[in-house]
Amino acid sequence: MEKLIEIGIFLVLLFVVITVFNGKDDTDSKKERSGFILYTDYGTGNQYISTLLDFTGHKPRLDKDGKQVNIYTNPAKFSKEEKK
């Protein structure tokens with residue numbers, strides 16, 4: 001039983017380390033992480049976001065006009081002011 005607990009703790013810590021140190025994406029500012037995890041469906045080009053503790057599923061990533069971000073037809077474009 002103790003071995004099972006140790007494996008569980010190891011897996012949780014591994015998941016946190018991978019999530020925190022996986023590099024920045026364009027939802028992050030230059031100084032810190034946004035807390036969002038960005039997913040891209042490369043078949044459609046649509047992007048989705050979620051958070052580490054979001055158990056309700058991915059939500060469509062929307063641009064400032066309310067349209068879903070699509071890396072092929074509608075890439076997210078942010079000004080320097082919006083990235084701060």
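Structure data summary
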| item | result |
| --- | --- |
| Residues located in the range 31-48, provided they are of a type in the set (V, I, T) and under 15 Å from N74 (Cβ atoms) | T40, T44 |
| Scope the range 59-84; condition loosely packed, with under 10 Cβ neighbours inside 10 Å and either at pLDDT 90 or above or within 20 Å of V16 (Cα to Cα) (or both); matching residues | G66 |
| Those residues of the range 25-58 which are surrounded by 13 or more Cβ atoms within 10 Å (Cβ to Cβ) and among the basic types (K, R), in sequence order | R33 |
| Residue count, the range 43-63 (criterion: in contact (Cβ under 8 Å) with a residue 12 or more places away in the chain and part of a loop (DSSP other than H, G, I, E, B)) | 6 |
| Identity of the residue in the range 1-45, under 12 Å from the mean Cα position of the chain (by Cα) and on the phi > 0 side of the Ramachandran plot, that ends up modelled with the lowest pLDDT | G23 |
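The values are calculated or read from the model by the stated rules, or taken from the named source; none is laboratory data. Predicted model only: the values in this text are computed from it and were never measured. Cβ: placed from backbone, ideal geometry, glycine included. Neighbour counts: every protein chain shown.
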